[in-house]
Each structure stands twice: as C-alpha cells, then as structure tokens.
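The values are calculated or read from the model by the stated rules, or taken from the named source; none is laboratory data. Every value quoted in this text rests on a predicted model; they were computed, and no experiment measured them. Every residue, glycine as well, gets a Cβ built from its backbone with ideal geometry; the counts of neighbours run over all protein chains shown.
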Amino acid sequence: MKALVLAAGLGTRLRPLTDTMPKALLPVDGIPVIEHNLLLLREHGIREVTINLHAHPQAIPAYLGDGRRWGLQVSYSYEDRLMGTAGALKRCEQTFRDAPFVVLYGDNLSDTDITALRALYDRAGAIGAIALHRPEDPSASGIVAVDAGGRVQSFIEKPRPYDPSMGQWANAGLYILSPAVLTEIPTETVCDFGHDVFPRLLRAGYPLVAAPVCHYLLAIDTPERYARAQATLAERRAASDADTNAGPPATSP
C-alpha cells in the first residue's frame with residue numbers, strides 16, 4: 001500500500017512554536033511527530049509515502065528528503081491554499097487511483113494497528129475503513145457509530161451538544177480507502193473527510209467499516225496536548241526500557 005500523510009496545517013493554536021516550522025516537525029520524545037508516523041507506516045509494510053505541504057513548505061522536505069534514510073520513498077504535494085483533508089487527496093489522485101491506500105493525519109501520534117484495519121477492509125469489501133479510538137472529549141471528535149459487524153451507521157463531526165447515544169468511538173485520523181473514494185471528492189474544492197466525504201458516502205449507501213484498532217491517540221494541536229504527548233511518550237519509553245533491562249525471568253536450577 002501507499003500512504004498520504006496530511007501535514008499542511010498552519011498550527012495556529014501552537015504559536016509561537018509554529019511560527020518557524022510546521023507542527024508536524026515539532027519534536028516528541030526526541031524526534032519529529034511526522035517521523036513517528038513514518039515509522040508507524042514502515043512497521044506495517046508501507047514504503048511509498050506522499051506528504052502534503054502548505055505551512056513552511058520547505059521544512060519537511062529539508063528534513064526528510066526522499067525518505068531513503070528510513071527505507072521509504074517519499075514524495076510531496078504542495079498546496080498554495082489549504083484544501084482540507086479530502087481536497088488534499090484529490091490533488092494527488094493520480095498517485096492513489098490503482099489500489100487501496102492509507103490516509104494518515106500527520107500531526108497526531110498513535111499506535112494504530114494498520115494491518116488489522118486492512119484485514120477488516122479486505123474482509124468487508126468496503127469502500128473505506130476508519131480507525132477508531134475512545135476520546136476524552138467526544139464533542140471535539142468525529143463520532144462514529146458502528147453495528148455489531150463493524151459497519152458504520154453514522155458519522156457526526158464534532159457533535160455539539162454530544163449525546164452518549166451517538167456512541168463512544170471516535171475517528172482516529174487514519175483510514176484505508178478504495179480508489180473509488182476519489183470519484184466522490186470534487187476537484188479543486190476545499191473538502192474534508194469528516195464534514196463532507198464520509199457523510200456523503202453513507203447517504204449514497206456505500207459500505208464503510210470501522211474498528212477500535214487505536215489504543216492511544218495524542219493530538220498535537222495545543223500547547224497543553226503537546227506537553228501531554230511529550231510526557232506520555234517519555235513514560236512509554238521508560239516503561240519499555242525497564243522491561244528490556246529486566247531481562248527474562250529467573251528460572252530454578
């Protein structure tokens with residue numbers, strides 16, 4: 001599979017940190033957010049990555065280059081104006097028209113099991129599969145209601161007010177999509193998956209599936225959440241190091 005990493009955002013709520021760099025380059029536990037995402041993609045066998053750019057557009061290519069340092073093939077799609085999450089995909093549709101692909105929000109950190117999501121996508125024969133997580137604040141998330149088989153029944157972007165009957169699972173910002181989705185995105189139009197494309201697909205009767213394959217999601221969009229991400233990954237690394245240094249359990253002679 002190929003992947004599109006969305007990294008064009010202005011990061012206005014993170015200023016002044018984003019006055020000189022895109023938020024996807026902010027370091028978390030010693031490496032940029034976008035590098036964490038590239039490592040996640042590589043872990044699941046994805047080697048061809050396109051990254052969309054707008055804010056500080058030279059910074060990410062200057063850091064990543066062609067991606068070979070990570071064993072990846074990285075290319076870029078520049079937007080002279082922000083086109084939204086789906087509009088960004090439409091601009092580079094020639095890259096993704098031949099096979100299912102991943103779309104990933106490059107300013108989030110997660111442990112999404114992309115392999116499990118692909119298996120669900122393949123089994124269901126759906127037009128798309130959405131990774132889900134359980135949010136702290138459902139009203140600030142895209143709430144996804146699914147049936148017992150994982151088929152999406154409704155998608156409500158940032159419901160205000162939120163009613164628990166809407167469901168407890170939220171969009172984790174990672175999708176596996178069929179190339180058929182591209183025909184549902186208008187050309188040169190600002191368009192978003194949560195507000196526009198997913199509700200349109202459901203109204204048209206296309207099968208969408210979703211699964212809770214993301215155990216943690218850290219949004220890097222405010223100073224408070226950025227600080228929490230720093231602390232969370234440091235704690236996870238410390239726990240991992242402790243497990244490694246403990247070695248195998250002792251055995252009786």
request  = Mind listing just one residue for me: the one in segment 42-55 that is crowded, with 18+ Cβ neighbours inside 10 Å and in contact with an Asp or Glu (Cβ under 9 Å, 6 or more places away or on another chain) and, of those, farthest from residue 111 (Cα to Cα)?
outcome  = 54
request  = Kindly indicate the residue of segment 171-221 that is under 16 Å from the mean Cα position of the chain (by Cα) and among the charged types (D, E, K, R) and also farthest from residue 116 (Cα to Cα) among those meeting that condition.
outcome  = 221
message = When the residues of segment 183-216 are narrowed to those that are aliphatic (A, V, I, L, M) and surrounded by 18 or more Cβ atoms within 10 Å (Cβ to Cβ), which ends up farthest from residue 149 (Cα to Cα)?
response = 185
ask   = Can you tell me how many residues in segment 39-58 are under 15 Å from the mean Cα position of the chain (by Cα) and assigned to a strand (DSSP E or B)?
value = 4
ask   = Here is a list of conditions, (1) at pLDDT below 95; (2) assigned to a helix (DSSP H, G or I), and residue 81 meets all of them except one; can you say which number that is?
value = (2)
ask   = Could you say whether any residue in segment 20-38 is buried (at least 19 other Cβ atoms within 10 Å of the Cβ), modelled with pLDDT under 95, part of a loop (DSSP other than H, G, I, E, B) and of a type in the set (S, T, N, Q)?
value = no
Strands (runs of 3 or more DSSP E) completely within segment 99-152 that count 3 or more residues being in contact (Cβ under 8 Å) with a residue 60 or more places away in the chain and touching a strand residue (DSSP E or B) at 6+ places or on another chain (Cβ under 9 Å) = 101-105, 108-110, 128-133
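Listed here are the residues, each with its yes/no results for (1) hydrophobic (A, V, I, L, M, F, W, C); (2) closer than 21 Å to residue 187 by Cα.
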{"position": "5", "(1), (2)": "yes, yes"}
{"position": "13", "(1), (2)": "no, no"}
{"position": "16", "(1), (2)": "no, no"}
{"position": "32", "(1), (2)": "no, no"}
{"position": "43", "(1), (2)": "no, no"}
{"position": "55", "(1), (2)": "yes, no"}
{"position": "87", "(1), (2)": "no, yes"}
note = In segment 167-187, residues that are farther than 27 Å from residue 40 by Cα, without any contact (Cβ under 8 Å) to a residue 40 or more places away in the chain and not in a helix (DSSP H, G or I) total 1
task = Please go through segment 217-234 and pick out each residue that is surrounded by fewer than 14 Cβ atoms within 10 Å (Cβ to Cβ) and farther than 15 Å from residue 31 by Cα.
result = 222, 223, 224
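Yes or no, residue by residue, for (1) part of a loop (DSSP other than H, G, I, E, B); (2) at pLDDT 80 or above; (3) touching a Leu at 6+ places or on another chain (Cβ under 9 Å); (4) under 24 Å from residue 18 (Cα atoms):
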| site | (1), (2), (3), (4) |
| --- | --- |
| 228 | no, yes, yes, yes |
| 239 | no, no, no, no |
| 245 | no, no, no, no |
| 250 | yes, no, no, no |
query = Which of the residues spanning segment 63-75 are part of a strand (DSSP E or B) and out of contact with any helix residue (DSSP H, G or I) (no Cβ under 6 Å at 6 or more places or on another chain)?
reply = 73, 75
query = Quick one: residue 75 ticks every box in (1) under 25 Å from residue 200 (Cα atoms); (2) hydroxyl-bearing (Ser, Thr, Tyr); (3) modelled with pLDDT of 95 or more bar one, so which box is it?
reply = (1)
query = Can you tell which of 172, 219 is of a type in the set (Gly, Ala, Ser) and over 20 Å from residue 2 (Cα atoms)?
reply = 219
query = Can you name the residue in segment 152-181 that is loosely packed, with under 15 Cβ neighbours inside 10 Å and of a type in the set (D, E, K, R) and, of all such residues, is modelled with the lowest pLDDT?
reply = 163
